[in-house]
Structure formats: C-alpha cells, structure tokens
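The values are calculated or read from the model by the stated rules, or taken from the named source; none is laboratory data. A quick note: this is a predicted structure, and the numbers were derived from the prediction, not measured. Quick reminder, even Gly has a Cβ in these numbers, built from the backbone with ideal geometry, and neighbours come from all protein chains shown. Accessible surface areas use protein heavy atoms only, side chains included; no ligands, DNA or RNA. Shrake-Rupley method; radii C 1.70, N 1.55, O 1.52, S 1.80 Å.
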Amino acid sequence: MINVKNRLKCSGCSACMNICPHDAISMKPDKEGFIYPVIDKNKCINCNKCIRVCPYNNEWEPPHDMQKCIVGYNLNPDEREAGSSGAIFSLLAMQTLEDGGVVFGAAYDKDFMVFHSKAETPEQLKSLIGSKYLQSRIETSYRQVQEYLQNNRKVLFVGTTCQIAGLKGYLRKDYDQLLCVDFVCLGIPSPLVWKDYLVTYFPGETIIHVNFKSKSRGWHTFSLAIDTDKQHFSKDGKSTFFFSGYFKGLYSRPCCSDCIFKNNKNRISDITLSDSWGCEEFAAEMDDNKGLSNIIIHNDKGDKAFLSIKNKICYKQVEFEKIIEGNKNYYYSLPMGSRRDEFWSEYDGSEKKVLFRKYCSSNYGIKKVYRTIKLSLKGLFRKRKYDCF
Ligand SMILES: Cc1cc2nc3c(=O)[nH]c(=O)nc-3n(C[C@H](O)[C@H](O)[C@H](O)COP(=O)(O)OP(=O)(O)OC[C@H]3O[C@@H](n4cnc5c(N)ncnc54)[C@H](O)[C@@H]3O)c2cc1C
C-alpha cells in the first residue's frame, strides 16, 4: 500500500485514491493544508494498484518531439477579458463541447477553495475559466474521465502537469479522444493559507466572487479581485500578502520546489499554455496589455486541436527558445523560501495579520516603477506588423 514518507514525493494528484477498488484511500489535509493519501487498513487488500499508478513511481519520458510554439490571443474580446492570459483555454473548451465532448478543469467550491469539476454546456464552462492559485482537489475526476472515454466521448482535461501525470498513470492507456492541456506552473499555494487570508482580511463578510488574475489594471499588472457582500477589493496582485508570500516560497506544496514533471522540453500533455511573459522581445506588436498566451504544442493531437481553433486566434509562430527566455518557469521550480520553516513553526499560534505582515510584505512597488519606465521606452520604438488569422 502507498505510504508517503517523503512529502517532496507526493503531488496530491489522487491517482491512488481513484484507482483503489475498495475505496480504502482518502485524501486528507496535513498541517499546511495540502492533501495526502491516508489508508484505511481495514479496507485495504494490499493489491498495490495505488503504488503502480503513482506518477512518482513511473518514468515519464515524453513520447514525442515538440511540434511548434505559437504566441496568440483569442479574438473574442469578452472571452479574452475573462481568461488569465490569452484565453486559449476557452476556445479549446468550446470546441470540445461543440464536438459533443466534456471538459474537466478547476472550479471554486462554496468556500472559494478549488476542486476539479466538469462542464458539458457553455454555461457550466464559465466556472472553469481563469487561474485559481490553489491546489485543485481532483476528487473522483479520473474515474469520471475514464467513464466518458469508454463511452467514446471526447474529453478535454486541463490541470497542472502533475495532475495530467496522475490521470495518465490512472488510465494506463492512450485514448485518441482525450486531449490533455497543462500550463506553466510556479507551484500550488496552500489552501489553508488562502482560507486564513480570507478570514483575516474579510472577517464576517460573504465572499461572492474571486479573480486571482483580474485584468482590470491590465494583463501585465494582474490584480487580485475579491467581491464580498460588503466591498469590491482589488489590488495589484504582486503587492498583496497572499501572492507576495507565494513568490517568496513560503507556502507552496513541498514537491513544487523540485517539480519532476517539468524537467523536459517536451511534456506529458498534448499542449502547454502559459502567459507570454517576455513577449516584448518576440511579439511586442501583439501586446496590447489585454492578455497574450504561449501555446506550446507537443504532438500531432495537440496540433490538430490547435488547427481546429486557429481561425479564432490572432497568432504567429515563435521559436521555443525565445518563449522560454521570457518564461523560465517552464523549467524552473521555485525553491522553498529561506523563511518557510520559520513561517510554519509560527503559523498555528500567531495572529494571522501579524504573521502575514511579518513574512509576506513585498518590495514590488519599486520593481514596478522600473518596469513601467522600461516598457514605456520600448513602446516608443514599437512597429505594428502582424496578421490576424
Ligand atoms: C497555480 C497556477 C500557477 C501558474 N503559474 C504560471 C507561471 O508561473 N507562468 C505562466 O506563464 N503561467 C502560469 N499559470 C498559467 C496561466 O495563469 C494561465 O492559466 C494559462 O496561461 C492559460 O490561460 P488562458 O487565458 O488560456 O486560460 P484560463 O481561462 O485562464 O484557463 C486556465 C485553465 O487552468 C485550469 N486551472 C485553473 N486553476 C487551476 C488549478 N489551481 N489547478 C488546476 N487547473 C487549474 C482552469 O480550469 C482552466 O482550464 C499558472 C496557473 C495556475 C493555476
């Protein structure tokens, strides 16, 4: 039976829980709020299926050479506004629905924690759009995906690379009608810290809506926007305590500090999406601060999916090396911060306002002034030359 001794070697993907034929595994949060498998020994029959499906017990050699890299954005302005970068996900998702398929992605639950949910209609799809900076609980999604695939339905599954590895480990078989899309991921922050952040700064208020990457100040300066029954809160994301502590490596999941799923140029997914950070160097003429995506296509299946939506995108092809120059998180894992242990040792006994101020303050204001001057100077020399397809 699975036994996580080293927390660096479990991403919480839940493949073990999904495969267990006796439902002997449940995913329970540890003291940092991250879920890990817990075995009910009375139910376990020692079949070891859980060990076999675990992505940490398998070699993940990406099977294909990379096909191509695209930089682009969704031509529909409303959809583009709603997406975290260029809103490419919503196009892939709509295409899946039009083909009679099902889309799996991350949605908020009633407490604004995150779980994997499915959409079979454009209305249901709305809840899956946008980046949620928390670990999404997979629950029984892999079982559901398998059922749809066995019934010959198309499935689009979007998640972190470790979740895609979990799904593939669970399925143990390639399905033509399954499209897997991951994204460049800097790590997954603790759901417990998020819960306490909300309770601390919005006490007694009912949360109505959260947007971790609102574009109200533009895409480059993403904002954390929270609507409650009493206020509309919106602040430059990088200067909030929540994101600042995340960037300092204080509370990402331990395994994210050395992510084994992003060691390769090619990925286990069919397509990887990301923000097109650094686009001023290779697609400045497409950057109107409304959101631009990198679409990294790993294989024929990914290419076919891209071709099916390309007439709804303004795009151009770019070399992989150029994209990666601006978005090093493709390979890079954010190490655990030097104050991570200290932060967690004080966590339980501290007043959270004091704790957040002590550890999560940001010096982002100074960096932002420098960046604004740099971008304005570049804008003066920018030429517009690109085609919309
Ligand atoms: C935790 C996290 C860290 C990220 N880090 C980076 C980064 O360092 N660099 C970078 O370039 N891009 C990063 N991204 C990706 C980026 O924010 C966009 O999600 C991506 O570019 C796709 O944008 P879009 O506009 O096409 O689609 P969107 O509409 O934004 O779609 C995002 C998709 O991801 C799914 N999703 C959202 N949150 C989660 C979650 N917590 N777990 C699993 N699936 C989720 C949604 O269901 C949706 O399918 C990160 C995203 C997340 C969630």
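Summary of computed values
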read-out: Fraction of accessible area attributable to carbon and sulfur, the chain (%, probe 1.4 Å); value: 51 percent
read-out: Net charge, residue 294 excluded, C-beta distance under 13 Å - Lys, Arg +1, Asp, Glu -1; value: -2
read-out: Centroid-to-centroid separation of segment 255-317 and segment 18-85 [C-alpha atoms, Å]; value: 20 Å
read-out: Gain in span if fully extended, residue 47 to residue 199, counting 0.36 nm per residue against the direct Cα distance; value: 50.5 nm
read-out: Cα-based Rg / Dmax (Å) for segment 283-323; value: 11.3, 31
read-out: Two-decimal ratio, segment 7-57, of alpha-carbon radius of gyration to 2.2 N^0.38 Å; value: 1.09
read-out: Accessible area per residue in Å² at 1.4 Å probe, computed on segment 106-263; value: 39 Å²
read-out: Nitroxide proxy distance, nm - points 7 Å out along Cα→Cβ at residue 147 and residue 319; value: 4.9 nm
read-out: Fully extended contour minus Cα-Cα distance, from residue 228 to residue 263, at 0.36 nm per residue; value: 8.6 nm
read-out: Sparse-neighbourhood loop sites, GluC sites (Glu not before Pro) in segment 227-328 - DSSP loop, at most 11 other Cβ within 10 angstrom; value: 319
read-out: Simple spin-label estimate for residue 354 and residue 31 in nanometres, 7 Å along Cα-Cβ; value: 1.9 nm
read-out: Label point distance in nm, residue 58-residue 126, each placed 7 Å from Cα along Cα→Cβ; value: 3.6 nm
read-out: Surface per residue (accessible, 1.4 Å probe) for segment 7-57, Å²; value: 51 Å²
read-out: Sites residue 9 and residue 207, calculated FRET efficiency, Cβ-Cβ separation with R0 45 Å, nearest 0.05; value: 0.85
read-out: Length gained when the stretch residue 216-residue 110 is fully extended (0.36 nm per residue, less Cα-Cα span); value: 35.7 nm
read-out: Percent of Cα-Cα distances greater than 39 Å, calculated over the chain; value: 15 percent
read-out: Cα-based Kirkwood hydrodynamic radius, segment 43-172, one decimal, Å; value: 16.4 Å
read-out: FRET efficiency, 1/(1 + (r/R0)^6) with R0 30 Å, evaluated for residue 174 and residue 344 via beta carbons; value: 0.15
read-out: Counting DSSP beta bridges with both ends in the chain, the antiparallel % (nearest 5); value: 75 percent
read-out: 222 nm mean residue ellipticity, helices alone, for the chain (DSSP H n ≥ 4; -39,500 (n - 2.57); rounded to 500); value: -8500 deg cm²/dmol
